[in-house]
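Have a look at the structure below, then the notes.
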Amino acid sequence: MSAHGCPVIIGGGAAGLMAALCLAPRPVVLLCGGTLGFETASGWAQGGVAAAVGPDDDFALHTQDTLSAGAGLCDAAVVRRIIEAGPWAIDFLTRLGADFGRHANGTLALGLEAAHSRRRIVHAKDATGAEVMRVLINAVHAAEHITIREHTQATELAVRDNRVCAVHAATPAGALSIATSCAVIATGGIGGLFAHTTNPLGATGTGLALAARAGADLRDMEFVQFHPTALSCGLDPMPLVSEAVRGEGAVFIDNAGTQFMNGGDLAARDIVARAVAAKYAANDSVFLDARRVLPEKFPGIFATCRAQGIDPATQPVPVRPAAHYHMGGIAVNADCESSVAGLFACGEAAATGLHGANRLASNSLLEAMVTGRIVAQAVSGRTAEATGAPPPTRQASRHAPVVREVCSQSLGIYRNAPELEAAVARLRPLAAQSDGALVALLMAQSALRRRESRGAHTRADFPHTDPAQATSSTINLSGLADTGLNA
Ligand code: SIN
């Protein structure tokens with residue numbers, strides 16, 4: 001079958017796989033940078049899928065918790081739409097064979113995570129992402145309409161009259177060009193741009209750079225979520241110690257063994273991350289005391305800690321914040337279509353309006369599932385024309401190792417104008433050649449422009465939330481007019 005004229009999905013995490021599956025029976029091409037399922041953030045998710053399925057829960061409560069965490073920047077209609085699809089997402093995965101934890105009577109065992117007012121985390125012990133990916137990958141392998149292209153890295157989106165017309169990619173066998181008027185970016189997040197991250201190191205915002213270079217708008221790029229409990233053991237990336245461990249009773253303690261969160265151990269992630277960062281800034285250390293937690297509830301986490309010589313059953317676990325999730329991304333409308341016609345985005349790569357300034361834990365696997373389906377529904381109604389692929393104009397992105405240092409120094413939990421200006425100055429000369437540098441530049445520029453503190457974006461020089469800035473930010477390459485990047 002010729003790939004020309006097929007929708008092309010770039011990225012093999014949960015969102016990309018859902019988009020591909022839900023497009024059935026329409027032929028679709030799925031591009032994965034490695035082997036299918038290798039090192040995706042979806043597969044590493046420990047917590048679970050947030051869904052209002054408990055007897056004491058409802059959509060209004062889940063919506064309210066999401067809006068509160070989002071600190072004024074969520075799109076309420078998007079929040080409701082995604083949350084109301086929660087039971088469908090759980091049912092879809094269960095039908096595919098996902099083995100979620102259940103009580104003896106067969107009802108779902110629901111976990112608790114930060115800033116959720118109810119137990120609503122559907123999980124498979126502490127390896128929910130792996131279970132979700134297992135069933136999605138099986139389904140994709142069994143689906144005849146999906147052509148999987150592994151080890152295929154998208155390098156450029158060709159655009160004619162603000163409309164996608166081709167996807168160019170690099171493969172071990174050489175360059176590949178697919179003429180299509182439908183492309184879907186599902187490349188995940190940006191944690192790999194930071195020196196301390198819980199994400200796979202390949203999560204460097206490739207899809208955001210592709211979209212930006214194609215002329216698309218990006219939204220809320222300044223909002224990076226730092227997880228407060230990455231295992232501090234010298235590994236890169238840092239293993240996560242799920243918030244669900246605190247949901248089962250673990251608490252923060254400092255060097256002196258004193259609890260310092262005053263009962264707020266399960267406050268919203270931005271609040272907890274700042275508190276932990278403040279301890280380190282004061283030359284203290286932070287540990288998670290999980291000695292009351294049943295090891296069998298978190299076999300993966302306990303095993304990872306023990307492999308590093310730390311036994312959570314008998315000793316405090318050293319933790320520190322690490323870049324974990326990007327609320328910002330490619331600006332999309334209700335169909336998950338970007339400002340470039342025919343260019344769609346879903347999952348973490350998209351800024352849908354669900355998360356606002358701070359994501360509620362475990363809302364992201366839910367978003368991946370639901371936005372994958374939304375993209376498929378929107379694309380199903382379109383023809384994907386193949387009107388010829390113009391030749392590529394770009395070489396593959398150059399690796400710029402300095403980006404991790406710059407992001408960690410200037411785009412961490414606490415930010416200020418001099419640091420952000422320094423970041424912009426260092427990144428600007430690299431951005432034409434390096435996708436990571438371009439994405440970091442867009443983040444730094446957006447962070448500089450937001451002169452307030454809101455959600456996960458904390459400006460030491462603008463510590464207050466300014467009601468006049470309660471709107472999402474938008475940036476694109478023409479907003480970087482002095483970089484020489486805009487064509
Ligand atoms: C966690 O398990 O703590 C992370 C869950 C999430 O990031 O949604």
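The modelled label-to-label distance between residue 383 and residue 395, using points 7 Å beyond Cα along the C-beta direction, is 3.9 nm.
Would you mind working out the magnitude of the charge dipole of region 251-369 relative to its Cα centre, with +1 at each Lys and Arg C-beta and -1 at each Asp and Glu C-beta, to the nearest 20 Debye?
That gives region 251-369 a dipole magnitude of about 360 debye.
Shape of region 325-452 from the C-alpha gyration tensor: oblate (a/c of 1.5 or more and a/b not above b/c, with a ≥ b ≥ c the square roots of its eigenvalues). Quick check: Cα centre of region 117-180 to Cα centre of region 367-420, how many Å? Value for the Cα centre distance between the two parts: 13 Å.
Classify region 197-238 as rounded, prolate or oblate, taking a ≥ b ≥ c as the square roots of the eigenvalues of its Cα gyration tensor: rounded when a/c is under 1.5, otherwise prolate if a/b is larger than b/c and oblate if not.
Since a/c reaches 1.5 but b/c is at least a/b, the shape of region 197-238 is classed as oblate.
To the nearest Å, what is the center-to-center distance of region 1-16 and region 61-111, using C-alpha atoms only? That distance is 26 Å. Counting heavy atoms of the protein chains alone, residue 4 has an accessible area of about 90 Å² for a 1.4 Å probe. In order along region 438-452, phi translates into HN-Hα couplings of 5, 5, 4, 5, 5, 5, 5, 5, 5, 5, 5, 6, 7, 8, 6 Hz, rounded to whole numbers, per the Karplus curve 6.51 cos²θ - 1.76 cosθ + 1.60 with θ = phi - 60° and x for Gly and Pro.
Given N residues in region 384-487, what is its alpha carbon radius of gyration divided by 2.2 N^0.38 Å?
Cα Rg divided by the expected 2.2 N^0.38 Å: 1.26.
The alpha carbon centroids of region 245-288 and region 290-354 are separated by 18 Å.
Measuring nothing but how far apart in sequence close Cα pairs (under 8 Å, 6+ apart) lie, relative to its length, region 269-428 scores a relative contact order of 16 percent. With a ≥ b ≥ c the root eigenvalues of the C-alpha gyration tensor of region 368-426, is it rounded (a/c under 1.5), prolate (a/b larger than b/c) or oblate? Oblate shape, in that a/c is at least 1.5 and b/c is the bigger or equal ratio.
In Å², and per residue, what accessible area does region 91-242 have when probed at 1.4 Å with the other protein chains present?
35 Å²
Solvent-accessible area per residue for region 376-487 at a 1.4 Å probe radius, Å²?
That works out to 49 Å² per residue.
Taking other residues whose beta carbon is less than 14 angstrom from the beta carbon of residue 33, and scoring Lys, Arg as +1 and Asp, Glu as -1, yields -2.
Using the Cβ-Cβ distance between residue 102 and residue 414 with R0 = 45 Å, the FRET efficiency computed as 1/(1 + (r/R0)^6) comes to roughly 0.60.
For the peptides 394-404, 442-452, 348-358, the ranking by packing is 348-358, 442-452, 394-404, with the highest mean count of neighbouring Cβ atoms within 10 Å listed first.
Convex hull volume per residue, computed on the Cα atoms of the chain, equals 137 Å³. Per residue of the chain, the DSSP helices (runs of n ≥ 4 H) give a summed -39500 (n - 2.57) that works out to -9000 deg cm²/dmol at 222 nm.
Select from 207, 259, 249 the residue farthest towards the positive end of the dipole of region 199-262; place +1 on Cβ of Lys and Arg, -1 on Cβ of Asp and Glu, and compute about the Cα centre. Farthest towards the positive end: 207. Ranking of 414, 280, 325 by solvent-accessible surface, largest first: 414, 280, 325 (1.4 Å probe, protein heavy atoms only, all chains present). With the charge dipole of region 1-159 set up from +1 on Lys and Arg Cβ and -1 on Asp and Glu Cβ about the Cα centre, the Cα lying farthest toward the positive end among the listed residues 97, 67, 55 is that of 97. Each peptide in 290-302, 18-30, 458-470 gets a packing score, the mean of other Cβ atoms within 10 Å over its residues, and the list from highest to lowest is 18-30, 290-302, 458-470. Modelled spin labels at residue 285 and residue 254, positioned 7 Å past Cα toward Cβ, are 1.5 nm from each other.
The fraction of accessible area contributed by carbon and sulfur in region 119-275 is 49 percent, rounded to a whole number (1.4 Å probe; ligands and nucleic acids excluded). What you get for region 396-481, charging only the Cβ of Lys and Arg (+1) and of Asp and Glu (-1), is a dipole of about 80 debye around the Cα centre.
In a simple Cβ point-charge model (Lys, Arg +1; Asp, Glu -1; nothing else charged), the chain has a dipole of about 320 debye relative to its Cα centre. Projecting the Cα atoms of 379, 4, 240 onto the charge dipole of the chain, computed from C-beta unit charges around the Cα centre, puts 4 farthest toward the positive end.
The values are calculated or read from the model by the stated rules, or taken from the named source; none is laboratory data. Computed from a predicted structure; not experimentally measured. A quick note on method: Cβ atoms are made from the backbone with ideal geometry, for glycine too, and the neighbour counts reach across all protein chains shown. Please note that ligands, DNA and RNA were not included when accessible areas were found on the heavy atoms of the full protein model with its side chains. Shrake-Rupley method; radii C 1.70, N 1.55, O 1.52, S 1.80 Å.
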